[in-house]
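S.K.: Next up is a structure, given as structure tokens.
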Amino acid sequence: MTVVSMGIPTVRFDAASLAGRPETDLLVDRFGRVARDLRVSITEKCSLRCTYCMPEEGLPAIAAEDLLSADEIVRVVGIGVERVGIREVRFTGGEPLMRSDLEKIIAGCAARVPGIPLAMTTNAVGLEHRAAKLAAAGLTRVNVSLDSVDRAHFAELTRRDRLPSVLAGIRAAAVAGLAPLKVNAVLMRETLHGAADLLQWCLDAGVELRFIEQMPLDADHAWARENMVTAAELLSVLSERFELAAIGREDPSAPAEEWRVNGTEMTVGIIASVTRSFCSDCDRTRMTAEGTIRSCLFSDREVDLRAALRAGASDDELADLWRGAMWNKWAGHGIDAADFVPPERSMGAIGG
Ligand code: SAM
Ligand code: SF4
């Protein structure tokens with residue numbers, strides 16, 4: 001195990017054991033899960049400073065040479081799809097729009113893995129000016145993170161007064177045909193009173209809203225179990241204004257449980273990552289902006305693909321490293337365990 005200094009403290013394994021693993025190309029783990037959904041973080045930089053994610057001053061900068069280049073990202077995505085069974089790719093960060101070569105990354109991936117959905121999770125700041133180009137490059141859909149439609153409240157939560165840019169970005173994404181367009185909102189005590197307004201805004205705009213229970217992944221380590229807003233509490237607040245009918249999950253590995261709103265086709269989802277954990281059906285594998293494979297948000301054990309890639313490893317060797325990383329995935333996040341310790345990296349440094 002080595003500790004590598006690159007601004008963000010990281011514990012890494014140089015290789016991961018494949019002992020006991022069945023013969024398969026896929027990213028299986030000891031608990032029978034198969035990872036097919038790849039989250040690729042492409043930067044630690046961000047235009048916002050959401051209090052549940054980033055420190056006020058932003059994350060320590062990653063040196064340019066430590067970030068995976070566009071070509072390296074395309075190669076890893078290609079290996080993921082062609083060799084280890086990835087079926088969906090989502091770009092995240094940090095804020096993916098902070099990378100000026102995002103269009104190049106998307107176009108490269110679209111050419112390398114045609115037919116594979118390429119999605120992005122974004123705060124939508126500045127998306128207004130790039131949605132059409134990103135769609136043309138091959139981006140298929142976006143999830144926009146938006147916690148409040150009240151400008152002052154948004155500015156307080158994100159430490160930046162950028163709500164108009166976010167709303168313009170959502171409109172531009174819809175015009176560019178990036179569908180289905182979903183809005184994700186992190187549930188916090190400070191946002192609960194505005195949750196019904198946010199849902200009404202999304203219903204009016206025709207976008208699907210999903211609330212996410214806040215996880216202990218904030219850089220400031222302010223998260224406290226006893227203070228977090230649960231899915232149950234949100235449901236009771238929304239039910240005061242809307243008629244909600246439970247319709248469950250689209251499929252077992254879909255993290256959101258859905259409710260139909262006011263008898264219409266429109267739905268609201270809740271991703272109850274803490275109180276109704278879906279770890280046993282998790283199908284995620286993650287790559288950090290520095291090119292390490294992370295099997296779980298909550299595990300700091302990372303496998304360094306970048307070092308191997310830059311040392312001349314073949315696609316087969318990289319695929320094996322990836323398989324080892326996932327074989328050793330933990331059973332679950334363990335947030336409720338008495339000895340739970342939050343990971344070293346915060347959400348923005350992992351890629352949510
Ligand atoms: N900047 C982009 C954005 O905000 O959509 C992408 C990166 S962000 C880290 C990805 C997602 O993680 C966002 O939807 C954000 O709301 C969510 N997130 C960040 N910190 C979180 C936390 N502590 N608990 C739950 N979700 C969190
Ligand atoms: Fe930036 Fe996204 Fe984290 Fe907010 S949640 S600080 S937008 S990376």
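The values are calculated or read from the model by the stated rules, or taken from the named source; none is laboratory data. All values derive from a computational prediction rather than experimental measurement. Here the Cβ is made from the backbone with ideal geometry for all residues, glycine too, and neighbour counts use every protein chain on show.
S.K.: Can you tell which of V113, V125 is farther than 23 Å from A168 by Cα and in contact (Cβ under 8 Å) with a residue 12 or more places away in the chain?
M.R.: Only one candidate passes the filter, namely V113.
S.K.: Please go through the stretch 111-124 and give me each residue that is hydrophobic (A, V, I, L, M, F, W, C) and either within 17 Å of K182 (Cβ to Cβ) or assigned to a strand (DSSP E or B) (or both), ordered by number. Spell out the reasoning first.
M.R.: Start the filter on the stretch 111-124 by keeping residues that are hydrophobic (A, V, I, L, M, F, W, C), which leaves 111, 113, 116, 118-120, 124.
Hits for the stretch 111-124 are L118, A119, M120, A124.
S.K.: Could you tell me whether M120 is within 16 Å of ligand 2 (Cβ to nearest atom), in contact with a strand residue (DSSP E or B) (Cβ under 7 Å, 6 or more places away or on another chain) and under 21 Å from R294 (Cα atoms)?
M.R.: Answer is yes for this residue.
S.K.: Can you tell me which residue within the stretch 253-279, out of those that are of a type in the set (G, A, S) and surrounded by fewer than 16 Cβ atoms within 10 Å (Cβ to Cβ), is nearest to G32 (Cα to Cα)?
M.R.: Restricting to residues being of a type in the set (G, A, S) and surrounded by fewer than 16 Cβ atoms within 10 Å (Cβ to Cβ), the top hit is A254.
S.K.: Let me ask something additional. Take the stretch 90-125 and flag every residue that is within 16 Å of ligand 1 (Cβ to nearest atom) and either modelled with pLDDT under 95 or in contact with a Gly (Cβ under 7 Å, 6 or more places away or on another chain) (or both).
M.R.: Residues satisfying the conditions are T92, G93, G94, L97, I106, L118, T121, A124, V125.
S.K.: Answer yes or no: is there a residue in the stretch 37-56 that is out of contact with any Asp or Glu (no Cβ under 9 Å at 6 or more places or on another chain), without any contact (Cβ under 8 Å) to a residue 60 or more places away in the chain and surrounded by fewer than 22 Cβ atoms within 10 Å (Cβ to Cβ).
M.R.: no
S.K.: Within the stretch 133-154, can you find the residues that are small (G, A, S) and touching a helix residue (DSSP H, G or I) at 6+ places or on another chain (Cβ under 7 Å)? Give the steps one after another, and end with the answer.
M.R.: Filtering the stretch 133-154 for residues small (G, A, S) gives 135-138, 145, 148, 152.
Scanning the stretch 133-154 gives A137, G138, S148.
S.K.: When the stretch 82-135 is examined, which residues are found to be among the polar types (S, T, N, Q) and buried (at least 20 other Cβ atoms within 10 Å of the Cβ)? Talk me through it step by step, then tell me what you get.
M.R.: To start, the set of residues in the stretch 82-135 that are among the polar types (S, T, N, Q) comprises 92, 100, 121-123.
Selection gives T92, T121, T122, N123.
S.K.: Does G78 qualify as being more than 16 Å from ligand 1 (Cβ to nearest atom) and of a type outside the set (F, W, Y)? Before you say what the answer is, go through the steps one by one.
M.R.: Working: more than 16 Å from ligand 1 (Cβ to nearest atom): yes; of a type outside the set (F, W, Y): yes.
Taking the combined requirement at face value, the residue satisfies it.
S.K.: Next question. Counting only residues that are among the charged types (D, E, K, R) and within 12 Å of L26 (Cα to Cα), which one in the stretch 317-338 is surrounded by the most Cβ atoms within 10 Å (Cβ to Cβ)? Let's see the steps before the verdict.
M.R.: Filtering the stretch 317-338 for residues among the charged types (D, E, K, R) gives 317, 320, 323, 329, 336.
Next, only the ones that are within 12 Å of L26 (Cα to Cα) stay: 320, 323.
On the way: D320: 18, R323: 25.
By that ranking, first place goes to R323.
S.K.: What is the residue count in the stretch 327-352 for residues that are within 14 Å of ligand 1 (Cβ to nearest atom), in a helix (DSSP H, G or I) and not β-branched (V, I, T)? First the steps, then the outcome.
M.R.: Filtering the stretch 327-352 for residues within 14 Å of ligand 1 (Cβ to nearest atom) gives 333, 335, 342-343, 345-352.
From the residues that got through so far, the ones that are in a helix (DSSP H, G or I) too are 347-350.
Restricting the remaining residues to those that are not β-branched (V, I, T) gives 347-349.
Of the residues in the stretch 327-352, 3 are within 14 Å of ligand 1 (Cβ to nearest atom), in a helix (DSSP H, G or I) and not β-branched (V, I, T).
S.K.: Also: Quick one: in the stretch 1-57, which of the residues that are among the polar types (S, T, N, Q) and modelled with pLDDT of 90 or more is farthest from R87 (Cα to Cα)? It would help to see each step written out before you state the result.
M.R.: Of all residues in the stretch 1-57, those among the polar types (S, T, N, Q) come to 2, 5, 10, 17, 24, 41, 43, 47, 51.
Filter again for modelled with pLDDT of 90 or more, leaving 24, 41, 43, 47, 51.
Working: T24: 16, S41: 17, T43: 22, S47: 29, T51: 32 Å.
Of everything passing the filter in the stretch 1-57, T51 is farthest from R87 (Cα to Cα).
S.K.: Checking A155 against (1) crowded, with 17+ Cβ neighbours inside 10 Å; (2) modelled with pLDDT of 95 or more; (3) within 16 Å of ligand 1 (Cβ to nearest atom), which single condition isn't satisfied?
M.R.: The one condition A155 does not meet is (1).
S.K.: For the stretch 280-316, which residues satisfy the criterion of being part of a helix (DSSP H, G or I) and either touching a strand residue (DSSP E or B) at 6+ places or on another chain (Cβ under 9 Å) or surrounded by fewer than 20 Cβ atoms within 10 Å (Cβ to Cβ) (or both)?
M.R.: Taking the stretch 280-316 first, the residues part of a helix (DSSP H, G or I) are 280-281, 305-310, 315-316.
Across the stretch 280-316, the qualifying residues are S280, D281, L305, R306, A307, A308, R310, D315, D316.
S.K.: Hey, any hits in the stretch 66-88 for a residue that's assigned to a loop (DSSP other than H, G, I, E, B) and farther than 21 Å from A313 by Cα?
M.R.: Taking the stretch 66-88 and keeping what is assigned to a loop (DSSP other than H, G, I, E, B), we get 67-69, 84-87.
Next, only the ones that are farther than 21 Å from A313 by Cα stay: 87.
Within the stretch 66-88, one or more residues are assigned to a loop (DSSP other than H, G, I, E, B) and farther than 21 Å from A313 by Cα.
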